[in-house]
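Structure record follows, encoded as structure tokens.
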Amino acid sequence: MAEVVPEDVRRFLSVNIDSIAQLEALLLLWRDLEQKLTAGAIAERLYINPVDAEALLNKLVSRGLILADGSGPPVFRLNSNNQQLVHDVRRVAQVYAKYLIPITNFIHQKPSQGLRDFADAFKLKKDE
């Protein structure tokens, strides 16, 4: 089924997205580039608990996909300063709307970040 998902979308998802909740949060912020939401508001819209929402939002911040603003509880927004990112997320949103199940399957079949980190620990490095 992944073959119906275009290569550019698969690449974006492979590099940036670990879960459907991350994708949904990113798309939620993409739909209105001026929108700023707290982790609690995103949790409510995605039907997840606020602690999980905050963790996935922080992961998206660390990847440069979204920005956190504010000195109190942070508000999150898409990193709309990066026009390539806005274009890429638009593309993912279009494909996701058409191929929801194949994209969901693709994300679920990815190795978890923990597993990738564990495997990377065993990679042999060339002597310099």
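Just the residues that are of a type outside the set (Val, Ile, Thr) and open to solvent by less than 80 Å² (accessible area, probe 1.4 Å), please, taken from region 36-51. Please lay out each step first, then the result.
The first filter runs over region 36-51 and keeps only residues of a type outside the set (Val, Ile, Thr), leaving 36-37, 39-41, 43-47, 49-50.
Within region 36-51, Leu37, Ala39, Gly40, Ala41, Ala43, Leu46, Asn49, Pro50 qualify.
Just checking, which of Leu28, Leu33 is outside any helix (DSSP H, G or I) and touching a strand residue (DSSP E or B) at 6+ places or on another chain (Cβ under 9 Å)? First the steps, then the outcome.
Numbers: Leu28 fails: outside any helix (DSSP H, G or I).
Unique residue meeting the criteria: Leu33.
Just the residues that are over 19 Å from Tyr99 (Cβ atoms) and either among the polar types (S, T, N, Q) or open to solvent by 60 Å² or more (accessible area, probe 1.4 Å) (or both), please, taken from region 1-32.
If the condition is that a residue be over 19 Å from Tyr99 (Cβ atoms) and either among the polar types (S, T, N, Q) or open to solvent by 60 Å² or more (accessible area, probe 1.4 Å) (or both), then Asp32 is the only one that fits.
Could you check Leu65 against (1) open to solvent by 40 Å² or more (accessible area, probe 1.4 Å); (2) under 20 Å from Leu13 (Cα atoms); (3) at pLDDT 95 or above and say which number it fails?
Single failed check for Leu65: (1).
Please count how many residues of region 21-54 are more than 21 Å from Val86 (Cα to Cα) and aromatic (Phe, Trp, Tyr).
Number satisfying all stated conditions: 1.
Is it the case that Lys123 is at pLDDT below 95 and charged (D, E, K, R)? If you could, list the steps in order and put the result at the bottom.
On the way: at pLDDT below 95: yes; charged (D, E, K, R): yes.
Judged against the criteria, Lys123 is a match.
What number of residues within region 36-59 are more than 14 Å from Gly72 (Cβ to Cβ), in contact (Cβ under 8 Å) with a residue 24 or more places away in the chain and part of a helix (DSSP H, G or I)?
Number of matching residues: 7.
The values are calculated or read from the model by the stated rules, or taken from the named source; none is laboratory data. What you see is a predicted model, and the numbers here were worked out from it, not measured in a lab. Note: ideal-geometry Cβ built from the backbone for every residue, glycine included; neighbour counts use all protein chains shown. Areas reflect the complete protein model, heavy atoms only, side chains present, ligands, DNA and RNA absent. Shrake-Rupley method; radii C 1.70, N 1.55, O 1.52, S 1.80 Å.
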